[in-house]
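S.K.: Before I ask anything, here is the structure I am working with.
Where a number appears in this text, it was derived from the coordinates with a stated rule and is not lab data. Source: prediction; values computed, not measured. Here the Cβ positions follow ideal geometry from the backbone for every residue, glycine too, while neighbour counts run over all protein chains shown.
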Amino acid sequence: MLGFWARVPVANPPEVRTVRFRLNGDAREVEVRPGEMLLETLRNRCGILSTKDGCQPQGQCGCCLAIIDGRRKTTCAVLAEKAEGADILTLEGVDPSERDLIARSFVAAAGLQCGFCIPGIALQAKGLLDRDPNPSRRDIARTLNGHLCRCTGYTKILDAIELFAAAKRGEAQPVPESDGRVGRSLARWTGAELVLGDRPYVDDMTLPGMLHGAVVLSPHARARVLAIDTARARALPGVEAVVTARDVPGERWYGLIHNDWPGFVAVGEEVRCVGDVLAAIAAVDEATAREAAELVRVEYEPVPPVLDPALAMREGAPQVNPDGPNVLSTTVVRKGDAGGELAASAHVVRGTWTTQRVEHLYLEPESALADPLADGRLRLYTQGQGIFDDREQVAAFLGEPVDRVEVELVPNGGAFGGKEDMSIQAQTALLARATGRPVRLTLTREESIRIHPKRHPITMDYEVGCDAEGRLTAVRARMVGDTGAYASVGAKVLERAAGHGCGPYRVPAVDIEARAVRTNNPPCGAMRGFGANQAHFAMEGCVDLLAEKVGLDPWEMRWLNALEVGDATTTGQVLEKSVGLKQTLTAVKAAYYQARAAGRAVGIGCGLKNSGIGNGAAEWGKARLVVEDDGTISLYNGYTEMGQGLLTVLVQCAVEVTRLPASRFVPKVDSTFDLQCGQTTGSRGTLFGGLAVAAAARKLRAELDSGRTLDQLAGKVYDADVLIDDTTAPGEEVDRIKTHTSYGFATQMVILDAEGRVETVIAAHDVGRAINPALCEGQIEGSVHMGLGYALTEDLPCPDGMPATFKLRDLGVIRAPEMPEVQVVLVEDPEPEGPFGAKGVGEIGLVPTAGAVAGALAAFDGVRRYALPMKDSPAARAMKVGRIR
Ligand code: FES
Ligand code: FES
């Protein structure tokens with residue numbers, strides 16, 4: 001059986017042909033391969049980087065947009081040879097003053113996060129405004145229908161385009177904020193370069209003599225590998241190396257918690273999912289590498305896969321992974337006598353809630369660049385969520401000491417948890433070692449979807465009781481999550497689902513068990529919400545059903561049971577501070593009752609989400625401030641920028657303490673210092689990174705206060721390592737349970753229109769303190785967008801273990817024209833353990849959303865829905881995405 005790509009014909013050496021066109025006003029003459037798409041030509045032969053590859057050749061994300069003969073086109077769907085004689089405009093060719101206006105508009109409106117989608121959107125906006133200088137907001141949203149943004153929820157993108165339009169008409173000029181104090185919406189770090197596509201992502205980077213990589217993936221969810229024949233691939237002209245399991249000098253198996261994931265599957269072993277790697281190739285260009293990948297012959301003996309977690313748990317089921325049994329983990333949370341309380345409750349509701357597998361669909365597919373340095377070390381440019389974890393795993397894979405591998409974060413084009421695990425960093429590093437040359441390896445969209453872990457589908461049996469007045473008495477829940485072929489952080493996701501099993505409510509008796517189960521499906525791991533949103537979907541449904549029985553409305557029921565200071569969470573942690581849940585309920589109260597009085601179908605959901613991993617883990621915030629000779633201050637930290645705005649927020653933490661201007665600080669994430677903090681996960685980057693930066697900044701401030709100048713301090717390093725090790729592991733016997741350092745709280749309400757479509761979402765969130773209000777709002781808006789997709793349209797079924805689709809529209813991420821209005825209300829109940837009162841906000845934005853949507857739909861048509869996505873609803877049917885069954 002052959003490898004899996006069919007993009008490049010495997011035939012005689014292809015004949016190149018010459019294509020002539022005008023590009024940004026210049027005559028160009030380039031040689032292209034038959035079948036080459038214009039996007040490749042622009043990026044690889046013409047050095048254009050504003051056109052990004054988010055889905056080539058689907059033409060469904062809009063990242064590769066150019067204006068061709070006056071018409072806006074996705075260049076990944078245009079054959080290069082069809083560009084003969086064309087006049088092509090990319091953002092690079094736009095008049096400098098207009099480029100500046102575009103950049104300032106998006107940055108001032110905070111209309112970008114990771115930035116990967118923005119150059120395409122910005123050019124689309126320019127094209128629109130050239131035709132219509134005063135478009136309505138609706139028109140702008142419709143014009144963006146061909147674009148996908150996974151980060152922003154579109155609200156601030158529309159704001160940015162309106163700002164751009166007004167500026168173009170000679171009205172108000174956009175002015176990005178330069179004040180970096182806490183509480184100000186400082187312009188995003190490198191925002192202008194991101195908008196214009198000038199700040200390179202890994203796939204935009206090239207080095208002298210660089211080779212290109214490709215991988216061979218298993219087409220089977222489960223099969224024995226009988227033989228791997230690489231001879232034909234090696235013989236292909238232009239191929240420099242083909243590596244397999246035999247070539248790995250160090251530890252071939254890696255993983256974040258369990259080393260159960262092989263970088264290559266070896267002959268004699270089983271492949272365990274369709275993302276398993278059999279071989280990797282380095283060649284002179286990407287087309288040759290992929291052609292060689294097709295020439296690798298792998299002989300398989302298919303074995304029936306284990307695809308159903310219920311079957312995987314049965315006695316005698318085939319063991320999916322040699323690391324251990326199919327039941328990867330069981331988390332138990334018990335307090336009080338849940339059985340007795342349920343029996344004595346005035347009302348009890350029961351039901352089975354199910355959630356689906358979800359693809360992260362960050363717009364930037366995984367990419368790595370490895371560069372062998374002259375002194376023998378290897379420099380790895382990575383977009384992973386924990387660069388020091390990447391470093392350790394790559395070094396072990398290569399069989400080298402950690403200090404032989406340098407890592408540098410290239411802030412990525414979205415991650416949402418999906419870039420915590422290694423993807424192709426190790427294979428890329430091995431190819432670089434094998435060839436002695438730099439190698440860049442970038443996955444296609446299909447490969448990306450096959451390889452990285454997804455959001456867990458979880459089946460949840462719930463039983464919840466309350467007394468005659470509506471006070472919750474007990475929760476009993478049994479959860480089973482399909483964690484796929486590899487452990488990743490699946491055990492932690494189910495642990496988090498169990499630990500959030502009662503939602504943000506006071507429940508005296510709890511009996512929850514949550515299992516993570518290995519199957520031959522694609523692995524599941526971290527994704528924004530990390531189990532909390534699954535549990536909340538079930539719990540919010542129970543709360544609505546109980547409210548009906550008691551005769552309270554959903555808002556009253558939540559108010560009655562909402563956690564306050566002094567109450568205990570699901571795990572028994574008594575909350576001592578910063579519990580703003582009732583403030584968020586109050587924030588939506590008037591709108592809630594107004595909408596009901598107007599006869600609208602309304603749903604409401606509350607949520608809590610941990611900040612910090614907690615559960616007994618030792619966690620670190622680490623920072624170094626280095627005063628450079630040129631007067632700038634390098635700000636090193638160990639956490640990852642992935643669009644959430646962490647680096648901007650950390651600069652603000654430093655500014656607030658030192659009172660130096662924000663422009664002095666240059667954030668850096670690399671291995672210059674040992675700032676191992678683990679993954680950027682659990683909504684903890686601002687919380688712990690901010691604490692460390694503020695602590696380091698206080699040392700610098702003390703020196704400045706003593707009268708020394710920055711010139712005199714050149715070369716000095718101010719350090720801070722903040723250890724957080726006071727949380728409680730599940731099951732640990734302690735006097736005072738502290739499961740997490742901090743929690744965010746939220747209430748969201750969803751209003752439907754007369755046809756049952758989502759019209760408005762109001763999201764009130766206790767964020768502790770908004771260090772950067774615009775970025776903070778953006779996190780919530782983007783999360784609500786993701787939460788609505790989760791509720792209504794997003795799904796990734798995997799019949800036979802293979803994703804049923806790789807098409808972006810089928811995956812169900814909501815597009816701009818269908819996105820409802822989202823109103824964010826920031827509530828600030830300061831967190832004393834956070835920097836300047838802040839706590840994490842990255843995940844909670846989608847925790848209450850599905851429950852609120854389900855409640856609104858039940859109010860609309862009387863149907864209580866127990867399964868996500870709710871595709872049978874009028875709200876989902878109105879969407880043009882996510883139509884696969
Ligand atoms: S890369 Fe062309 S539309 Fe996605
Ligand atoms: S900012 Fe749009 S995909 Fe990240």
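S.K.: Lys and Arg at +1, Asp and Glu at -1: add these up for the other residues within a Cβ distance under 14 Å of residue 801 and post the number.
M.R.: +1
S.K.: Another question about this same structure. When the convex hull of the C-alpha atoms of the stretch 134-196 is computed, what volume per residue in Å³ does it have?
M.R.: 118 Å³
S.K.: I would also like to ask the following. What residues qualify as long-range amide H neighbours of residue 738, i.e. H under 5 Å apart, gap of 5 or more or another chain, H built at 1.01 Å from N?
M.R.: Hits under the 5 Å cutoff: 728.
S.K.: Continuing with this model, one more query. Please go through the residue pairs 335/549; 73/807; 419/454; 609/880; 492/609; 582/871 and name each one whose alpha carbons sit more than 20 Å apart in this structure.
M.R.: 335/549; 609/880; 582/871
S.K.: How big is the stretch 599-642 in terms of Cα radius of gyration and Dmax, in angstroms?
M.R.: Reported Rg and Dmax, both Å: 20.5, 66.
S.K.: So in the chain, what percent of DSSP beta bridges are antiparallel if you round to the nearest 5?
M.R.: Bridges in the chain are about 75 percent antiparallel.
S.K.: For the chain, what does the helix formula give at 222 nm: sum of -39500 (n - 2.57) over DSSP H segments with n ≥ 4, over the residue count, nearest 500 deg cm²/dmol?
M.R.: Per the formula, -8000 deg cm²/dmol.
S.K.: Using +1 at the C-beta of Lys and Arg and -1 at the C-beta of Asp and Glu, which of 160, 218, 242 has the Cα lying farthest in the positive direction of the dipole of the stretch 146-250?
M.R.: Checked the options; the winner is 218.
S.K.: Next up: Along the charge dipole of the stretch 422-469, which of 424, 441, 460 sits closest to the positive end, that is, farthest toward it, with unit charges on the beta carbon of Lys, Arg, Asp and Glu (+1, +1, -1, -1)?
M.R.: It is 441.
S.K.: Can you bin every Cα-Cα distance in the stretch 604-683 into 10 Å intervals starting at zero and give me the percent of pairs per bin, rounded to whole numbers?
M.R.: Histogram of Cα-Cα distances, whole percents per bin: 16, 42, 29, 10, 3, 0.
S.K.: Based only on the alpha carbon positions, what is the Kirkwood hydrodynamic radius of the stretch 364-492, in angstrom?
M.R.: Computed over Cα pairs of the stretch 364-492, the Kirkwood hydrodynamic radius comes out at 17.0 Å.
S.K.: What do you get when you divide the Cα radius of gyration of the stretch 818-865 by 2.2 N^0.38 Å, with N the number of residues?
M.R.: Numbers: Rg = 15.5 Å, N = 48, 2.2 N^0.38 = 9.6 Å.
Output field value: 1.62.
S.K.: Here is a follow-up. How large is Rg/Rh for the stretch 43-112, to two decimals, with Cα atoms and a Kirkwood Rh? Please list the in-between numbers first.
M.R.: Details: Rg = 13.2 Å, Rh = 13.2 Å.
In the stretch 43-112, Rg relative to Rh is 1.00.
S.K.: Which shape class applies to the stretch 11-62: rounded if a/c is under 1.5, otherwise prolate when a/b exceeds b/c and oblate if not, where a ≥ b ≥ c are the square roots of the Cα gyration tensor eigenvalues?
M.R.: oblate
S.K.: Taking amide hydrogens as modeled 1.01 Å from N in the peptide plane, which residues meet the under 5 Å criterion relative to residue 177, leaving out close sequence neighbours?
M.R.: Under 5 Å from the amide H of residue 177 lie the amide H atoms of 187, each far enough along the sequence or on another chain.
S.K.: Give the order of 559, 353 when sorted by the count of other beta carbons within 10 angstrom, beginning with the fewest.
M.R.: Exposure proxy ranking, most exposed first: 559, 353.
S.K.: Continuing with this model, one more query. May I have the convex hull volume per residue, in Å³, for the Cα set of the chain?
M.R.: Each residue corresponds to 155 Å³ of Cα convex hull volume.
S.K.: Seen from all sides and averaged, what is the projected area of the convex hull of the Cα atoms in the stretch 418-572, in nm²? Provide the component values of the computation, followed by the final result.
M.R.: On the way: hull surface 47.1 nm².
That works out to 11.8 nm², a quarter of the Cα hull's surface.
S.K.: Around residue 191, under 10 Å between beta carbons, what's the net of Lys plus Arg minus Asp minus Glu among the other residues? Could the numbers behind the result be given before it?
M.R.: Values: positive: 104, 188, 199; negative: 193.
Counting the neighbours of residue 191, the net charge comes to +2.
S.K.: With θ taken as phi - 60° and the coefficients 6.51, -1.76 and 1.60, list the Karplus ³J(HN,Hα) couplings across the stretch 159-176 in order, rounded to whole Hz; mark glycine and proline as x.
M.R.: After applying 6.51 cos²θ - 1.76 cosθ + 1.60, I find 4, 5, 5, 5, 5, 4, 5, 5, 5, 5, 7, x, 8, 4, 8, x, 10, x Hz.
S.K.: So, one more: If packing is taken as the average number of other Cβ atoms within 10 Å across a peptide's residues, how do 715-728, 618-631, 689-702 rank, most packed first?
M.R.: For the peptides 715-728, 618-631, 689-702, the packing ranking is 689-702, 618-631, 715-728.
S.K.: Something else now. Under a 5 Å amide H to amide H cut-off, with H placed in plane at 1.01 Å, what residues pair with residue 211 once short-range neighbours are removed?
M.R.: For residue 211, whose amide H was placed from the backbone, the distant partners under 5 Å are 439, 440.
S.K.: Let me ask something additional. Can you tally the net charge around residue 375? Count Lys and Arg as +1, Asp and Glu as -1, for every other residue whose Cβ sits under 11 Å from the Cβ of residue 375.
M.R.: Details: positive: 377, 379, 404; negative: 406.
In short, +2.
S.K.: Next question, about the same structure. Give me the Å³ per residue figure for the convex hull around the C-alpha atoms of the stretch 129-233.
M.R.: In the stretch 129-233, the Cα hull volume divided by residue count equals 271 Å³.
S.K.: Right, next: Assuming 1.567 mPa s and 4 °C, estimate D for the stretch 275-434 with Stokes-Einstein, Rh taken as the Kirkwood radius over Cα pairs, in µm²/s. Let's see the in-between values first.
M.R.: Values: Rh = 20.3 Å.
Taking Rh from Cα pairs, D becomes 64 µm²/s.
S.K.: Right, here's the next one. Which of rounded, prolate or oblate describes the stretch 287-332 when judged by the alpha-carbon gyration tensor and an a/c cut-off of 1.5?
M.R.: Note, shape of the stretch 287-332 comes out prolate.
S.K.: Restricting everything to alpha-carbon atoms, can you work out Rg to Rh for the stretch 630-675 with a Kirkwood hydrodynamic radius?
M.R.: The Rg/Rh ratio comes out at 0.96.
S.K.: May I ask you to evaluate 6.51 cos²θ - 1.76 cosθ + 1.60, the Karplus curve with θ = phi - 60°, for each residue of the stretch 95-102 and list the ³J(HN,Hα) values in order in whole Hz, giving x for glycine and proline?
M.R.: Those phi angles translate into 3, x, 5, 6, 4, 4, 5, 4 Hz.
S.K.: Kirkwood Rh and Cα-based Rg: tell me the resulting Rg over Rh for the stretch 252-338, rounded to two decimals.
M.R.: On the way: Rg = 18.5 Å, Rh = 16.3 Å.
Rounded to two decimals, Rg/Rh equals 1.13.
S.K.: Once you treat every alpha carbon in the stretch 668-792 as an equal point and sum by Debye, what is log10 I(q)/I(0) at q = 0.11, 0.15, 0.22 Å⁻¹?
M.R.: Debye curve over Cα of the stretch 668-792, log10 I(q)/I(0) at q = 0.11, 0.15, 0.22 Å⁻¹: -0.66, -0.98, -1.33.
S.K.: Just the Kirkwood number for the stretch 734-837, please: inverse of mean 1/r across all distinct Cα pairs, in Å, one decimal.
M.R.: Here the Kirkwood hydrodynamic radius works out to 16.4 Å.
S.K.: Follow-up. Mind jotting down the distance between the C-alpha centroids of the stretch 15-77 and the stretch 530-595, whole Å?
M.R.: 51 Å
S.K.: Hey, got the dipole for the chain? About the Cα centre, +1 on K and R Cβ, -1 on D and E Cβ, debye to the nearest 20?
M.R.: 1360 debye
S.K.: Moving to a separate point now. Give me 420, 469 ranked fewest to most by other Cβ atoms within 10 Å of their Cβ, as a rough exposure proxy. Intermediate results must be reported in sequence, preceding the final value.
M.R.: Numbers: 420 25, 469 10.
Going from sparsest to densest Cβ surroundings: 469, 420.
S.K.: How much of the calculated P(r) for the stretch 74-205 lies past 19 Å, in percent of all Cα pairs?
M.R.: 50 percent
S.K.: Using the per-residue mean of other Cβ atoms lying within 10 Å as a proxy for protection, in what order, highest first, do the peptides 507-514, 311-318 fall? Can you show the working numbers first?
M.R.: Numbers: 507-514: 22.6, 311-318: 12.9.
Answer by packing, highest mean first, reads 507-514, 311-318.
S.K.: Mind listing the phi-derived Karplus ³J(HN,Hα) values for the stretch 412-428, rounded to whole Hz, using 6.51, -1.76 and 1.60 with θ = phi - 60°, and x for any glycine or proline?
M.R.: Residue by residue, the stretch 412-428 yields 8, x, x, 8, 6, x, x, 10, 6, 6, 5, 10, 10, 4, 5, 5, 5 Hz.
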